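These notes are about the structure you will find just below.
The values are calculated or read from the model by the stated rules, or taken from the named source; none is laboratory data. Only a predicted model underlies this, so the values are computations on that prediction, with no experimental measurement involved. No Cβ is skipped: glycine too gets one built from the backbone with ideal geometry, and neighbour counts run over all protein chains shown. To get the accessible areas, we keep the full protein, side chains included, count just its heavy atoms, and leave off ligands, DNA and RNA. Shrake-Rupley method; radii C 1.70, N 1.55, O 1.52, S 1.80 Å.
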Amino acid sequence: MYWEKDIETISRDNLAVLQLENLRHTLAWAAKSFYYGELFKKIGLAPENVRSRADLTKIPPTTKDDLRAHWPYGFVAVPRDELVRMHSSSGTTGRATVIFHTAGDLSEWTNLLARCMYMSGMRKSDVFQNMMTYGLFTGGLGFHYGAERIGALVIPAGAGNSKRQIQLLKDFETTVIHIIPSYALHLSTVFEELRMDPKDTKIRIAYVGAEPHSEKMRQKIEALYGFKAYNSYGLSEMNGPGVAFECPVQNGLHIWEDNFIAEILDPATLQPVPDGEEGELVLTTLRREGMPILRYRTKDLTRIIPGDCPCGRTHRRIERIKGRTDDMMILKGVNIFPIQIEKKLMEIPGVGKNFLIILDREGFNDHMTVKVEVERQFFDGDLKHLEQLRKRIVEELKSDILITPKVDLVTPESLPQSEGKAKRVIDNRKD
Ligand code: ADP
Ligand code: ZN
């Protein structure tokens with residue numbers, strides 16, 4: 001059940017020794033890049049003098065803006081001809097950042113993904129259909145090579161084109177898929193349009209990731225298709241997928257600490273929060289040569305789940321990501337994350353598969369409108385039922401987010417559907 005038993009179940013003491021060794025190596029390597037070379041000079045850090053992991057905190061965290069300011073090669077630590085691949089982020093929050101890999105980096109990354117997929121049960125005998133965008137986005141090629149390393153038969157389907165996806169699933173008896181959660185819900189509607197049951201496939205495992213989603217959403221996807229869905233977390237700056245992944249216990253994601261040092265910091269003070277408390281995940285690469293990144297501020301909010309995992313792996317677990325710090329909406333002084341709305345909606349029977357939050361400002365007043373797709377039967381019958389459902393949604397949302405949103409009910413498939421990450425919020429407020 002382990003891809004690399006020794007490393008996955010390494011004792012915490014041995015892991016600490018390994019981390020320090022890799023950290024020292026990484027710092028020496030990073031000093032060769034323009035950015036860290038200058039930074040180390042400025043703060044007077046000599047990598048050869050680093051004696052403990054705590055020394056890492058002397059280095060100021062790296063941000064997406066730092067990567068952008070030294071675009072494109074300022075973080076590269078090897079001669080250009082050692083680089084064999086470039087990827088980029090999706091550009092969800094601004095100009096996309098680019099990451100370069102050596103052949104060694106790609107091999108390490110591939111191994112991490114093989115480790116993740118093997119952990120959840122993928123084997124050589126599986127047929128793996130990768131429904132992620134190929135190309136610059138890391139979810140395509142990353143998983144592709146990981147699955148090939150396990151020896152599965154890989155179908156590089158790419159994103160979108162739902163009818164063809166379903167055809168491929170059927171024709172080649174796909175057993176494992178990789179899919180964006182919001183797209184998984186959409187795809188189930190396409191099954192229904194084709195008068196097919198989404199449960200009527202051979203799929204037994206799905207990897208869902210790339211965007212925040214609640215436990216309720218996972219359960220809804222699992223119930224619709226009858227497979228197990230495992231949460232996959234990563235970001236292009238840390239290779240892409242393969243940073244943290246759910247094991248069969250499905251209670252938190254193991255973060256691969258032989259490859260990354262994970263810190264959870266208070267985003268305002270940048271001080272560590274006590275174990276188990278929520279904060280921003282900050283990551284340091286431990287095995288990357290092409291472009292090592294130290295103390296990268298992911299902007300993703302999570303917490304460490306205290307205690308041991310029954311699966312036997314010793315790498316700590318993070319809780320599913322609540323959202324990015326930039327996703328937080330502030331309305332009438334209340335902080336709200338889109339995932340809170342999603343979680344409530346998924347609990348209400350009759351709610352469909354997509355929603356959109358719209359923020360407006362009138363004078364000094366902010367308003368939130370939530371457009372919610374509801375099941376078709378509500379539009380065929382009694383208007384009273386529609387109104388009852390609307391009121392219920394307003395009440396349920398209000399109980400969680402403490403303000404009263406306007407709720408508009410719309411027909412299935414009428415809200416914009418993305419092939420990539422879902423866009424949950426439109427903010428029309430002007431500052
Ligand atoms: P961008 O930052 O431009 O979206 P990436 O494609 O590198 O580009 O996306 C990484 C980000 O996607 C993460 O920082 C995180 O915010 C989000 N993400 C990835 N996987 C998950 C997941 N399983 N749950 C929640 N958010 C995720
Ligand atoms: Zn586990």
- Message: Below 20 Å, Cα to Cα, which lysines can LYS41 reach? Residues fewer than 8 away in the same chain don't count.
- Response: LYS32, LYS58
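Express the accessible area of region 329-427 per residue in Å², computed with a 1.4 Å probe while the remaining protein chains stay in the model. If you can, show how the numbers build up before the last one.
Details: 5230 Å² over 99 residues.
Solvent-accessible surface per residue comes out at 53 Å².
Grab the Cα-Cα distance for VAL394 and ARG195, subtract it from 0.36 nm times how many residues apart they are, and report the gain in nm with one decimal. List each step's numbers first, then the result.
Working: separation 199, 0.36 × 199 = 71.64 nm, distance 3.26 nm.
Gain on stretching VAL394 to ARG195: 68.4 nm.
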- Task: Pairs of Cα atoms under 8 Å, at least six residues apart: use those to get the relative contact order of region 329-427, whole percent.
- Result: 34
- Item | All-pairs Cα distance distribution in region 148-278, expressed in whole percent, bin size 5 Å | 2, 9, 17, 20, 18, 14, 8, 6, 4, 2, 0
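Report the local net charge at ASP55: Lys and Arg +1, Asp and Glu -1, summed over other residues whose C-beta lies under 12 Å from its C-beta.
On the way: positive: ARG24, ARG51, ARG53, LYS58, ARG295; negative: GLU48.
Net charge in that neighbourhood comes out at +4.
Compute the accessible area per residue over region 201-311, keeping the other protein chains in place, probe 1.4 Å, unit Å². Display every interim value, and only then the final one.
Details: 3360 Å² over 111 residues.
Normalised by residue count, the accessible surface of region 201-311 is 30 Å².
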- Note on the structure: Net charge (Lys, Arg +1; Asp, Glu -1) of residues whose beta-carbon lies under 14 Å from that of CYS309, CYS309 excluded, is -1
- Taking a crude spin-label model, label points 7 Å out from Cα along the C-beta direction, the MET86 to GLU38 distance in nm is 2.0
- Using the Cα centre as the reference, give the magnitude of the dipole from point charges on the C-beta atoms of region 270-368 (Lys, Arg: +1; Asp, Glu: -1; all else neutral), rounded to the nearest 20 debye. 380
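What's the magnitude of the charge dipole for the chain around its Cα centre, counting Lys and Arg as +1 and Asp and Glu as -1 at the beta-carbon? Answer in Debye, nearest 20.
220
Over the chain, what is the percentage of antiparallel beta bridges among all DSSP beta bridges, to the nearest 5? List each step's numbers first, then the result.
Working: 41 of 65 bridges.
Counting only bridges with both partners in the chain, antiparallel ones make up about 65 percent.
Students often get this wrong, so check it: of LYS332/LYS371; LYS220/LYS332; LYS64/LYS398; LYS170/LYS421; LYS299/LYS421; LYS5/LYS322, which have C-alpha atoms separated by over 23 Å? Walk me through the intermediate numbers first.
Numbers: LYS332/LYS371 20 Å; LYS220/LYS332 31 Å; LYS64/LYS398 34 Å; LYS170/LYS421 25 Å; LYS299/LYS421 17 Å; LYS5/LYS322 30 Å.
From the list (LYS332/LYS371; LYS220/LYS332; LYS64/LYS398; LYS170/LYS421; LYS299/LYS421; LYS5/LYS322), the Cα-Cα distance tops 23 Å for LYS220/LYS332; LYS64/LYS398; LYS170/LYS421; LYS5/LYS322.
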- Query: What accessible area, in Å² to the nearest ten, does a 1.4 Å probe give for LYS398?
  - Reply: 80
- Message: How large a share of the accessible area of the chain, in percent, is made up of carbon and sulfur atoms when the probe is 1.4 Å and the other protein chains stay in place?
- Response: 51
- Taking only the alpha-carbon positions of the chain as identical scatterers, the Debye log10 I(q)/I(0) at q = 0.07, 0.09, 0.13 Å⁻¹ comes out as -0.36, -0.60, -1.20
- In whole angstrom, the spacing between the Cα centers of region 288-326 and region 219-269 equals 7
- Item | Size of charge dipole - region 329-427 - debye, nearest 20, with Cβ of Lys, Arg +1 and Asp, Glu -1, no other charges | 180
- Sorting ARG123, ARG324 by accessible area (1.4 Å probe), largest first, what list results? ARG123, ARG324
- the chain - mean residue ellipticity at 222 nm from DSSP helices (-39,500 (n - 2.57) per run, n ≥ 4, rounded to 500): -9500 deg cm²/dmol
- With unit charges on the beta carbon (Lys/Arg positive, Asp/Glu negative), name the residue among ALA16, HIS101, PHE75 whose Cα is farthest towards the positive pole of the charge dipole of region 1-159. PHE75
